[in-house]
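Down below is the structure, laid out as C-alpha cells.
The values are calculated or read from the model by the stated rules, or taken from the named source; none is laboratory data. Small disclaimer: the values here were computed from a predicted structure and weren't measured. Every residue, glycine as well, gets a Cβ built from its backbone with ideal geometry; the counts of neighbours run over all protein chains shown.
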Amino acid sequence: MSEQAQARTALAMSTLAFTLCFAVWTLNGVLVTFLVENGVFHWDTGQVGWLIGIPVLTGSLMRLPVGLLTDRFGGRTVYSLLLLLSAIPTWLLGSVTTYQGFLLGSLGFGLSGAAFAVGIAYSSVWFSKERQGTALGIFGAGNAGSALTSMGAPLLLKHFSAGGANLEGWRMLPRLYAVLLVGMALAFYLLTHERRVASAKGKRLGELLSPLRHVRVWRFGLYYFLVFGCFVALAQWLIPYYVGVYGMSLAMAGLLAALFSLPSGLIRAAGGWMSDRFGARTVMYWTFGLSLVACVALMVPRMTIESPGPAVLAQAGGRVQEVGPGRVVVNGTAYALREKAPEAEFENERVMVLPQSRFWQVPAVKVGDTVKKKQLLATGVTHVFFQANVWIFTFLVFLLGIVWGIGKAAVYRYIPDYFPEQVGVVGGIVGVIGGLGGFAGPILFGYMLKSTGLWTTMWVFLALLSGVCLVWLHTVVRRITREQDQTLFTRFEQPSLPPVGLTEPA
C-alpha cells in the first residue's frame, strides 16, 4: 500500500473511531434523562449535571497523558488500546443499581473522550503542513457522534424497554456500545499502519511538557473551552432542556438536539479548510462574535409578566352611577375602560419573534361610591408575553453549533504551526482545558437552574465567556500590530538591524 493510501486509511479510521468514541462519551445525556423521566432513578438536576459532566472530566484529564503516549508509542497502538479499555466500564455500566455505581461507571467510560488527543496526533503526522488544517477538520467531524447518540439512543432505549413495558431493558444500550468499541479496536489495529514523530523518541517528560510555559497554549485552551467544551455540554444538556422547557418527548428532544451537534461536527471539516484559506485568526474573530450574538439572543426566557398599567382617574368628584363592561359613569360622565381581550387572540400558536404586550383596566369602584377629583376609578394591568418560540430557538442553537464547529477546527489549526513536533502533547493540553468545559458545563448549568429556576441562565454564562474570548483575541492582535509597527519603524531608521519575528501568534 502506498504512503498516500496509508494516509487516507489512517484518517478515515481515525475519524470513524472518534465518531464512535464521541457517541459513547455523550451517552449520559440521553440515558440519564430517560432514567429520570421514567422514574427508574430519582435524581435532582444537580445530580443529573454531575452524571452528564463526569465522563467528560475523565476524557478531558486523560487527553494529556494519552497525547504523550501517542507521541512516544504511536497512534495505532494507543488508539486500539484506548478503545478496548473504554469498552470495559461501558459494559459494566449496564449492571449498576445505585447513583454511586452510575457515577463510577460514567467516570470509567469517559476514557473514550481521550480519543481526540490520539486522533489529532496520529492524523497530523500523515499530512503536510499545508494540508493539516483540512485533515484535522475532517477528523474533527467525528464530533457528529454525539448527534448519533442524540438521535439513535432514544430509539434504541424505546426498543430495548419494549416501549416502556420493560424499563430494565435500558441496560442493553451501554452493552451494545461496548461491543461496538471492541469491534472498532480490532478493525483499527488491523487496517492502519504505525507512524509517529521521530523527534518525540527519547525525550524526557519535562521536555514533552515544555509547551505549558507558553501563554498561547493556555489561550488556545480557553478558546477550546468555549467552542468544544461547551459544545459537549450543550450536546447533552439540550435534551433535558427541550424536555423541561418545551415539554418535548425524549425522542423529539434528541432529534432537535442533533440539529445542534450533527452540523457542528460535519462543518468542522469546512472549518479546517477555511482556516487554511483565510487564517485561523480571521475565523476565530467571526466565531467569537457570532457566538456572542447568538447567546445574547437566547438569554431571554419564555415568560409571562403582569405589571401595573395605565390607570383611569376621576376628572371631577361625584357619585358612581354605573360600573359596566368597558366603562365607569360618575355624575353622568362616562370613563371608557379597556377590556381584557380573550386569551386566544393573544397567546395562540402563531410564531412570535419579539415580546408582545397588551393592557386592560379593572374597575376599582362600585356603584354608589362617592369619589373625589383625581381619585382612582380603574387600575391598569399590563401583560407582557415572550413565546421563546421553539423553532426560532432551534434555529439559533443550530447557528451556534455551526459557528462552534468552525471554531473548533480553527483552534487546532494553530497547533501544527507553532508546535510541529509536539502536536500530540499540545493538542492534549488544549484538549484537557477545553474538555473541562464539557465537564463543568452541565454541573454549572444544573446548579444555576436549581438556584434561579431559570433554564436560560446557561446562555448568560456562554455569552460572557464568548465576550472574554473575543476581547482576549483582540487584545493580542492589537499588541502584535503595535509590535509590528514599531519593528517597521526601527528597521526604517536603523536598516542594519536584523528582522524581528513575532513572539506570540494571534
Exercise. Would a scan of the range 70-81 turn up a residue that is of a type outside the set (Lys, Arg), touching a helix residue (DSSP H, G or I) at 6+ places or on another chain (Cβ under 9 Å), within 30 Å of LEU444 (Cα to Cα) and in the same structural domain as LEU31 (by TED's automatic domain parsing)?
Worked result: no
Of the candidates VAL96, VAL118, the one satisfying the condition of being part of a helix (DSSP H, G or I) and either β-branched (Val, Ile, Thr) or without any contact (Cβ under 8 Å) to a residue 40 or more places away in the chain (or both) is VAL118
Restricting the range 121-160 to residues that are over 25 Å from SER14 (Cβ atoms) and touching a residue at least 12 places away in the same chain (Cβ under 8 Å), the one farthest from the chain's Cα centre (by Cα) turns out to be PHE160
A careful count of residues in the range 297-330 that are modelled with pLDDT under 85, within 29 Å of GLY368 (Cβ to Cβ) and of a type in the set (S, T, N, Q) gives 0
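Check whether at least one residue in the range 135-149 is of a type in the set (S, T, N, Q) and either in a loop (DSSP other than H, G, I, E, B) or surrounded by fewer than 24 Cβ atoms within 10 Å (Cβ to Cβ) (or both), and report yes or no.
If we filter the range 135-149 for residues that are of a type in the set (S, T, N, Q), which is where we start, we get 143, 146, 149.
Now narrow it down to the ones that are either in a loop (DSSP other than H, G, I, E, B) or surrounded by fewer than 24 Cβ atoms within 10 Å (Cβ to Cβ) (or both): none.
The answer is no; no qualifying residue exists.
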Among the residues of the range 1-37, the number that are among the polar types (S, T, N, Q) and surrounded by fewer than 19 Cβ atoms within 10 Å (Cβ to Cβ) is 4
Taking first residues from the range 236-263 that are among the β-branched types (Val, Ile, Thr) and second residues anywhere that are part of a loop (DSSP other than H, G, I, E, B), the pairs with Cβ under 7 Å that are 6 or more apart or on different chains are VAL245/ARG302; VAL245/TRP455
_Would you confirm, using the coordinates I've provided, whether ALA235 is in a helix (DSSP H, G or I) and of a type in the set (A, V, I, L, M, F, W, C)?_
yes
**Prompt:** over 30 Å from VAL245 (Cβ atoms), without any contact (Cβ under 8 Å) to a residue 40 or more places away in the chain and either under 27 Å from the mean Cα position of the chain (by Cα) or surrounded by fewer than 24 Cβ atoms within 10 Å (Cβ to Cβ) (or both): does that describe PRO65?
**Reply:** no
